[in-house]
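Read the structure below first, then the notes.
The values are calculated or read from the model by the stated rules, or taken from the named source; none is laboratory data. Bear in mind that the values here come from a model prediction, so they are computed numbers and not experimental data. All Cβ positions, even for glycine, are placed from backbone atoms using ideal geometry, and neighbour counts span all protein chains on display. Protein only, heavy atoms only, side chains kept; ligands, DNA and RNA dropped before computing areas. Shrake-Rupley method; radii C 1.70, N 1.55, O 1.52, S 1.80 Å.
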Amino acid sequence: MPVRRTLLTALGTAALLCAAAGPAAAAPGEYITVDATGRIAADGTVTLSGTYRCTGATGPAFVSSSVSQGDTARRQGIGGSAARCDGAEHRWQNSGKPYGQTLRPGAARVQATVVELRPSGIILVPVFHAEADRDVTLVQG
C-alpha cells in the first residue's frame, strides 16, 4: 500500500507541475512560424507547416499544432513532430485527421508550439520554447 500511495503522490505532483507550467516567453532567438496556407487532402487529412528555431533543450522536444474553424474554442490537434533545438532554423510539417469535425477549405486559425519534456527528477516537465497563432487559409489538395 505505501508504494501505491507514493506513486499516486508522485503522479499528482507531476500533474500539478504540468498545469502550472503554462506557455512562457521564448528565449532570445527562439520562434515558430506557421505558413499562410494549409492543405486538406481528399480523405480529410490536414497538413500544416512552418519554421522554428529553438536552443538549449536537454530533453526530447516536439512541434505540436492545432487548427480551428469558426469556434476558436474547439481546436483540433493536427499531428506532432520531433524538434531539434540546436539553434538552427528548421522546417516543420504536421499532418492528421481532425476527430469529430470536418474541416473545409477557407479561413482557419492555427496554433503551433515548440515544447520540450525536460527531465526533473523522476518526471518530465513541459518547457515551452515558442508559440505562434496565425490566421491561415486551408486549401484542397
| note | If we take the stretch 23-98, then strands (runs of 3 or more DSSP E) inside it with 2 or more residues that are within 12 Å of the chain's Cα centre (by Cα) and of a type in the set (Gly, Ala, Ser) are 61-68, 76-83
| note | By residue number, the members of the stretch 67-122 that are over 23 Å from residue 29 (Cβ atoms), among the basic types (Lys, Arg) and in contact with a Gly (Cβ under 7 Å, 6 or more places away or on another chain) are 97
| Could you say whether any residue in the stretch 127-136 is within 18 Å of residue 33 (Cβ to Cβ), touching a Leu at 6+ places or on another chain (Cβ under 7 Å) and modelled with pLDDT of 95 or more? | no
| note | The condition of being at pLDDT 95 or above, aliphatic (A, V, I, L, M) and open to solvent by 50 Å² or more (accessible area, probe 1.4 Å) holds, among 88, 82, 73, 42, only for 82
| In the set 37, 113, 102, which member is touching a residue at least 60 places away in the same chain (Cβ under 8 Å) and open to solvent by 60 Å² or more (accessible area, probe 1.4 Å)? | 37
| Of all residues in the stretch 116-132, which are assigned to a strand (DSSP E or B), open to solvent by 70 Å² or more (accessible area, probe 1.4 Å) and farther than 15 Å from residue 53 by Cβ? | 118, 119, 124
